[in-house]
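These notes concern the structure reproduced below.
Please treat every number below as a calculation from the coordinates, not as lab data. This is a predicted model, so every value here is computed, not measured.
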């Protein structure tokens, strides 16, 4: 049974301790959310860079006249480089597409490599 002279609320000290715990928890949650959004943004950029690299490889594969060369360009915030290298195996070339960009001051890149058949140029008489 409650006596009429006893106090039925929280003390100031209990309230302050609860506020400190709540503030610390919210700070940790906000920091976690910020880091999560940064990782999500980087993941989206890697997907976009991968799509650009796949597009460059497809474009080169559809090209009917191949030459062993390196060329580059940019696509918005992404820079890219395509290299077609001759191999020791006749009529086979190594195709390399590299897409690179800067994220928070750190160089990021995606590299895709494949091999393509180079059709011999027919000689006209």
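One decimal place: the segment residue 43-residue 28 gains 3.1 nm when fully extended, by the rule 0.36 nm per residue minus the C-alpha distance.
Estimated at 0.36 nm per residue, the fully extended path between residue 102 and residue 12 surpasses their Cα-Cα distance by 27.3 nm. Net length available on complete extension from residue 75 to residue 114 is 11.9 nm, with 0.36 nm assigned per residue and the Cα-Cα distance removed. Between the Cα long axis of helix 12-62 and the first principal axis of the chain there is an angle of about 10°, rounded to the nearest 10. Calculated from DSSP H runs of 4 or more alone, at -39500 (n - 2.57) each and per residue, what is the 222 nm mean residue ellipticity of the chain, nearest 500? Using -39500 (n - 2.57) per qualifying helix, the result is -15500 deg cm²/dmol. Look at where the Cα atoms of the range 6-43 and of the range 78-118 average out, and the two centres are 47 Å apart.
What label, among [x] 31, 31, 25; [y] 55, 42, 23; [z] 117, 28, 22, belongs to Cα extents along the principal axes in Å computed from the structure on display? Checking each listed value against the structure points to [z].
Once you have a ≥ b ≥ c as the square roots of the Cα gyration tensor eigenvalues for the range 14-69, tell me rounded if a/c is under 1.5, and otherwise prolate or oblate according to whether a/b is larger than b/c. It is prolate, given that a/c is not under 1.5 and a/b is the larger ratio.
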